[in-house]
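The structure appears below as structure tokens.
FYI, it's all coordinate maths here, none of it is from the lab. Small disclaimer: the values here were computed from a predicted structure and weren't measured. All Cβ positions, glycine included, derive from the backbone under ideal geometry; neighbour counts span all protein chains shown.
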Amino acid sequence: MIVADRKPINEILDMVKESEKVLIVGCKGCVTVCNVGGAKEVGILASILRIARKREGRPLEVEEKTIERQCDPEYVAQLKDLVGEYDAVISMACGVGPQFLSEAYPEQRFFPAVNTTFFGGAVQHGIWAERCAGCGNCVIHYFDGMCPVARCSKSLLNGPCGGSAGGKCEISKEVDCIWDMIVRKKMEQGRLGDLLEIKPAKDWRTARDGGPRRSVREELVYE
Ligand code: SF4
Ligand code: SF4
């Protein structure tokens with residue numbers, strides 16, 4: 001899923017400093033799972049903004065609405081009678097949300113309350129970790145299910161750098177060297193030779209390097 005963090009409150013307050021009436025829109029997708037932008041977090045942000053603005057002596061009217069997904073026009077359409085009623089709309093979805101909202105309602109201004117960080121999962125309650133960089137041409141089968149594109153700090157594909165020490169990455173003792181893990185697993189399974197095989201060069205055109213991407217499923221496209 002997409003993992004995100006809420007922006008600092010001062011940043012959000014600054015975005016809507018000219019406003020008197022704002023709508024906060026949450027999303028029941030990934031940002032709900034990582035406890036950042038679901039109905040509960042929308043309620044918390046609304047309260048914080050109301051209190052902060054009251055303290056400034058400039059009360060802010062804040063309404064709350066959480067839709068199924070902000071990355072789907074079907075659900076974004078549910079806001080059509082609402083968005084025009086506010087000076088500004090704050091999105092608590094990943095970066096896709098405020099963009100879909102802006103495209104659907106070009107006359108309104110949308111502000112992101114969330115910093116979108118990575119594709120990952122929960123490794124422990126309350127801790128999410130990066131696992132995929134969305135490179136589009138998945139090669140983790142070469143590395144026993146561990147992704148050096150996303151999990152090596154240098155995205156090395158041919159083995160560890162000289163900074164790997166004691167199983168840790170040179171950037172921090174808190175960060176496991178994924179190449180150390182890949183090599184260890186290959187050794188344990190007696191398949192170290194896999195890493196000596198010459199692989200085709202990775203096609204980076206399927207990653208961001210090839211420009212904005214689209215995925216088309218002809219069987220699902222209506223004329
Ligand atoms: S190789 Fe690419 S698609 Fe596969 S897990 Fe790594 S970043 Fe994601
Ligand atoms: S120490 Fe390991 S994870 Fe860190 S940059 Fe070098 S190879 Fe990559």
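Here is how the numbers come out for the structure above:
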quantity	calculated
Gaussian network model of the chain, springs between alpha carbon atoms under 10 Å - residue of 197, 170, 107 with greatest fluctuation	197
Relative contact order of the chain, pairs being alpha-carbon contacts under 8 Å that are 6 or more residues apart, as %	17 percent
Among 198, 90, 127, residue whose mean-square fluctuation peaks in a GNM of the chain (springs only between Cα atoms under 10 Å)	198
Within a Gaussian network of the chain (alpha carbon springs, distance under 10 Å), most fluctuating of 128, 204, 179	204
Total lysine pairs whose alpha carbons fall under 15 Å of each other in the stretch 1-79 (8 or more apart, or interchain)	6
Selection from 146, 25, 9 lying farthest towards where the dipole of the chain points positive, charges on Cβ	146
Rounded to 5, percent antiparallel among DSSP beta bridges of the stretch 58-132	60 percent
Ellipticity estimate at 222 nm from DSSP helix runs (n ≥ 4, -39,500 (n - 2.57)) divided over the chain, nearest 500	-6500 deg cm²/dmol
Kyte-Doolittle mean at least -0.5 and Cα axial length at least 20 Å: DSSP H helices in the chain	39-55
Residue 128 long-range amide H proximity, modeled H, under 5 Å	123
Residue 55 versus residue 80: modelled label distance in nm, points set 7 Å from Cα along the beta carbon direction	4.1 nm
C-alpha center-to-center spacing [the stretch 152-166, the stretch 176-214] in angstrom	11 Å
Under 26 Å from the Cα of residue 186 - lysines, other chains or at least 8 residues apart	154, 168, 173, 199, 202
